[in-house]
Amino acid sequence: MIEQKHDFNRLTKIAFFTALAISIYILEMLIPKPFPFVKVGFANIIILILLASNGAKIAFLVTIGKTIMGGFLTGTIFTPTTIISLTSGIIALFVMSIVFKTKISFSFIGVSILGAIAHNFTQILVVRILLIKENSIFYLTPILIILGIITGIITGYLAILFYEKNKLSLE
């Protein structure tokens, strides 16, 4: 009985963090962008904090939920946008989880920058495979690395602020 209650509480918290990430994802769509493919990725603050406090499994579930439900709610579920976002999110999460496990101590900002760069590079690869059959798409790589550094710093810094104030945990 106690284990069932613990499982229910854990599931409720996962649902809460998924809903929070989806809400942030949708709200970010209202922010004007200089280019259609550029966004900060504020919902990844939740992913980064969950990865640090609860591990890759929970962060993975929230990443999948955020991307699929976000795509559903924004009407992009059956478009390449969702495939690109899902693939990039999973690869970025994989990179960040490896970085968290290394013996080198990376800050949230460092982990976030590496995740953002991995996300952006994966987007270019998936776009190359699915949409643009030209290698010239890779000319965007330096720009997307710079954008990854900038957005990684922003999301990493905000993750530090929220993590220190809230200590988000599923326990």
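The values are calculated or read from the model by the stated rules, or taken from the named source; none is laboratory data. From a predicted model like this one, the values you see are computed outputs, not experimental measurements. So basically every Cβ, Gly included, is an ideal-geometry build from the backbone, and we count neighbours across all protein chains shown.
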| field | Matching residues in region 27-63 - criterion: being of a type outside the set (A, V, I, L, M, F, W, C), under 12 Å from the mean Cα position of the chain (by Cα) and modelled with pLDDT of 90 or more | value | Gly41, Asn44, Thr63
| request: For region 105-122, name all the residues that are polar (S, T, N, Q) and at pLDDT below 95. | output: Ser105, Ser107
| task | Could you tell me whether Pro80 is at pLDDT below 90 and more than 15 Å from the chain's Cα centre (by Cα)? | result | no
| query | Which of the residues belonging to region 72-100 are surrounded by 15 or more Cβ atoms within 10 Å (Cβ to Cβ) and of a type in the set (Gly, Ala, Ser)? | reply | Ser85, Ser88, Gly89, Ala92, Ser97
| field | Residue among Asn44, Asn54 that alone is in contact (Cβ under 8 Å) with a residue 60 or more places away in the chain, farther than 15 Å from Ala92 by Cα and crowded, with 16+ Cβ neighbours inside 10 Å | value | Asn54
| Could you list, in sequence order, the residues of region 101-114 that are surrounded by fewer than 24 Cβ atoms within 10 Å (Cβ to Cβ) and more than 12 Å from the chain's Cα centre (by Cα)? | Lys101, Thr102, Lys103, Ile104, Ser105, Phe106, Ser107, Ile109, Gly110
